[in-house]
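These notes concern the structure reproduced below.
The values are calculated or read from the model by the stated rules, or taken from the named source; none is laboratory data. Computed from a prediction, not measured in an experiment: that's the story for all the values here. We place every Cβ from the backbone using ideal geometry, glycine too, and count neighbours over all the protein chains shown.
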Amino acid sequence: MNRYYTRACNFYYGEISKKKIKLKQSLPLNNRQDISFDHVEIISRENVKKISISKIHKLPKSIKIKVKKDILKITRKVKNFLNLDLNNKTHLMGVLNITPDSFSDGGKYTSEQKAYNQMLKLFEDGASIVDIGGESTKPGSKPISENTEWNRIHKVLKKIKKIKKNNLVSIDTRKSSIMKKSLSLGVKIVNDVSGLNYDKDTINVLKQTNAPFVLQHSLDDPETMQINPKYKNVLLDIYDFFEQKINHLRKSGITHDKIILDPGIGFGKNLNHNLKILKNISLYHTLGFPILLGISRKRFIREISKNNDSDYRLGGTLGSGIFAFKQGIQILRVHDVNEIKQGLIVYQELIK
C-alpha cells in the first residue's frame with residue numbers, strides 16, 4: 001500500500017490575499033501573514049503529483065483525507081518557545097567551534113577570551129542563538145574524550161550568566177554528560193548531530209531537564225558517514241526517521257514540543273542527496289516542528305560553484321539561505337551572521 005507525503009510548494013512572499021484564502025486558492029504557511037502557497041506535491045515512493053489547492057477536493061477519498069490532515073499541520077502555528085518567534089521570522093544560529101580541527105574555523109577560537117569575544121560578536125551581529133561546540137564532527141573526524149571536550153568549552157560556558165537573557169546558547173555535543181553540565185550553566189538548547197543515537201543516556205537527560213533540543217538526521221558516525229552514503233529515497237527516508245524518532249521520544253516520556261528538526265546537510269549525504277533535501281525542504285513542515293538548516297560554508301557549495309569556490313563560501317551560503325527563507329525555514333545555522341543577516345534584510349526590503 002502506497003504511503004503519501006504532502007509538500008507545500010509555489011510559495012508567495014508578501015501580504016496574503018484574503019480573497020484567495022476564502023476561495024481556497026491559497027493558504028498561509030504556519031499561519032503566517034507573509035508567506036502563502038497555492039499548490040502541494042503529493043509524494044509517494046513511486047511518483048510525485050503536483051496539484052492546486054483549489055483542486056484537492058477532486059482527489060480520491062483516501063488521498064484527500066491524508067492531504068487535508070497534512071495541510072492542517074502545514075498551516076497551523078508552530079509552537080514558540082524560549083521567546084523565539086518561530087512563525088514570523090527566520091532566526092540565525094551563530095556557529096562557535098572551540099576546537100583545533102573543525103572545518104573552516106578550527107583553531108580560531110581556542111582561547112577562552114577569543115571564544116567569549118566571538119560569542120558576543122555573533123549576538124551583536126544578530127544571532128538569536130549561538131551554538132557552542134568542543135568536538136569536531138566534520139566528515140572523517142574521530143571522537144574525543146569527555147574530558148577533552150569539556151576542557152575546551154567549560155570556561156566560556158561559565159560566562160553565559162553575563163550575557164543578555166534573550167541571547168540563547170545551545171550546546172553542540174553528542175555526550176549526555178556534557179549536555180547535563182552545560183544545561184546547569186545556563187545553556188538553553190541541546191544540539192546533538194547524532195540524532196540522539198550516540199549516547200544511550202541522552203534521552204534520559206533531555207527528559208529530566210525538559211530541555212529544548214535539535215533532532216538532526218545523520219547517517220552513521222562522522223568518521224564514516226561520507227563513505228558512499230545510500231538511501232532508498234533520501235527525502236522520504238529522513239522524513240520517516242523524524243517521525244519514528246518523535247514517536248520513540250513520546251513513548252520515552254518526552255511530551256513537550258520544544259523540538260527543532262535538522263535534516264543534516266552534509267551528514268552522510270552526497271551532492272545529489274543535499275540538493276534533493278534543499279530543493280524540497282518544505283516537506284518537513286508537515287511534521288509540525290520548526291526546521292533548522294546548517295548550510296554555512298559547506299562542501300555542496302564548492303561542488304556546485306566549482307571554479308567559483310571561495311574560502312568562506314559566503315555567496316553560496318547566502319544564496320541557499322535566501323532559498324530556505326522563502327520556504328519558511330525558521331533557523332539557519334551560519335558562521336557569518338552579520339553578512340547573512342544583511343542579505344536577508346535587503347532581500348526582504350526589495351520584495352515588499
Failed item in (1) touching an Asp or Glu at 6+ places or on another chain (Cβ under 8 Å); (2) farther than 16 Å from Gly266 by Cα; (3) in a helix (DSSP H, G or I), with Thr317 passing the rest: (2)
Qualifying positions in the stretch 317-352 - charged (D, E, K, R), modelled with pLDDT of 95 or more, surrounded by fewer than 21 Cβ atoms within 10 Å (Cβ to Cβ) and under 23 Å from Val214 (Cα atoms): Lys341
Selection count, the stretch 157-174, where residues are assigned to a helix (DSSP H, G or I) and either surrounded by 19 or more Cβ atoms within 10 Å (Cβ to Cβ) or in contact with a Lys or Arg (Cβ under 9 Å, 6 or more places away or on another chain) (or both): 2
Subset of the stretch 247-258 [out of contact with any helix residue (DSSP H, G or I) (no Cβ under 6 Å at 6 or more places or on another chain) and either of a type in the set (D, E, K, R) or closer than 17 Å to Ile189 by Cβ (or both)]: Leu249, Arg250, Lys251, His256, Asp257, Lys258
Failed criterion for Ala211 (all others in (1) within 20 Å of Lys138 (Cβ to Cβ); (2) assigned to a loop (DSSP other than H, G, I, E, B) hold): (1)
Total residues in the stretch 236-270, condition farther than 12 Å from Ile203 by Cβ, surrounded by fewer than 20 Cβ atoms within 10 Å (Cβ to Cβ) and hydroxyl-bearing (Ser, Thr, Tyr): 1
Selection status of Leu314, under 23 Å from Gln33 (Cβ atoms), modelled with pLDDT of 95 or more and over 16 Å from the mean Cα position of the chain (by Cα): no
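Residues checked against (1) surrounded by 15 or more Cβ atoms within 10 Å (Cβ to Cβ); (2) under 22 Å from Thr255 (Cα atoms):
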{"site": "Glu46", "(1), (2)": "no, no"}
{"site": "Lys49", "(1), (2)": "no, no"}
{"site": "Ile53", "(1), (2)": "yes, no"}
{"site": "His57", "(1), (2)": "no, no"}
{"site": "Ser62", "(1), (2)": "no, no"}
{"site": "Lys66", "(1), (2)": "yes, no"}
{"site": "Leu72", "(1), (2)": "no, yes"}
{"site": "Phe81", "(1), (2)": "yes, yes"}
{"site": "Thr99", "(1), (2)": "yes, no"}
Single unsatisfied condition, Arg152 versus (1) assigned to a helix (DSSP H, G or I); (2) touching a strand residue (DSSP E or B) at 6+ places or on another chain (Cβ under 6 Å); (3) closer than 22 Å to Val337 by Cβ; (4) not β-branched (Val, Ile, Thr): (2)
Enumeration of residues in the stretch 196-224 that are buried (at least 21 other Cβ atoms within 10 Å of the Cβ) and either at positive phi or not assigned by TED's automatic domain parsing to the domain that holds Tyr239 (or both): Leu196
Restricting the stretch 320-352 to residues that are outside any loop (DSSP other than H, G, I, E, B) and polar (S, T, N, Q), the residue that is nearest to Gln118 (Cα to Cα): Asn338
